[in-house]
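One structure below.
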Amino acid sequence: MSDSSQSIWKPLFWLLFAALISVSLLYRHHSDQLRQTLAQERQALRSLDRSLNARESELAKATRALDAARTEISALETAHAEALASADGQTERARQGATAAMKQTPLAEPGEQRNSSLCEDAIEQASEQATDQVHAFYEDLIPLGARLTERGVRIDLRGDRMRFASGSATLPAEAAPTLDQIAAILLDHPDLQVLIQGHTDSAGSRELNLRLSQQRATTVRQALAERGVETARFRVQGLGSAVPVADNASAAGRQRNRRVELYLAREQNR
């Protein structure tokens, strides 16, 4: 190759070499930017995925809370209907008994027929007043989640009304309003006797749970006594973990089992 040819190709070679170097550097720069952008997008996707999972968890919790609220509303409606039906039945039986007793009483003179009519009106009026009183009594109990049972009207002190800590018989602060309501009802109805039963979860020994459940029931009795209810009206039992209302395998179930139940009746509970 002649010197003139070399002088022509040498600059072209270095020019091409410089161009290749520039393209390589530019490619590397864009590749780095692309990898950085992809890493940022992956991070954003992971963050979005965590956010979606959190939202799904919140939605699931809200759904469970809604289902629980619907169940509680249904239970309250059922209890309300049962209470009113029982009240109507008691009042009707009392009215029928009074009417039957009056009919069995012989009238001494024909003029006493008017007195009989007045007696019937008095019985009807007393019956209506008794119905109103019984309805008012049960209306006071319904917000407490009261249910009619063979042993009397049962009030469950658990959940939002009373959350006992594990291994504790100390009344939580949120229990005060419920205890105020119960004490007011008992003071308005001095003929009611009260059985207080304490319960625990399955943690701990049988002896420990029996003692703890007794302490919880006694604590509730003391709180009601401090609100003016005579202690002679109470009977206290500690049942330990023998009567669970939920599965002790979960924390939520154990919390539900740590409770106190009250049975209100007009005769001494057995």
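Key figures
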item	result
Net charge contributed by nearby residues that have their C-beta within less than 14 Å of Gln40 (K/R +1, D/E -1)	+1
Rounded if a/c under 1.5, otherwise prolate or oblate - the stretch 136-270, Cα gyration tensor axes	prolate
Highest-first arrangement of 195-203, 166-174, 145-153, where packing means the average Cβ count within 10 Å	195-203, 145-153, 166-174
Beta bridges by DSSP in the stretch 147-270, antiparallel share as percent, to the nearest 5	75
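Throughout, read-outs are computed from the coordinates displayed, never taken from laboratory work. As the structure is a prediction and not an experimental result, all values here were calculated from the model. Every residue, glycine as well, gets a Cβ built from its backbone with ideal geometry; the counts of neighbours run over all protein chains shown.
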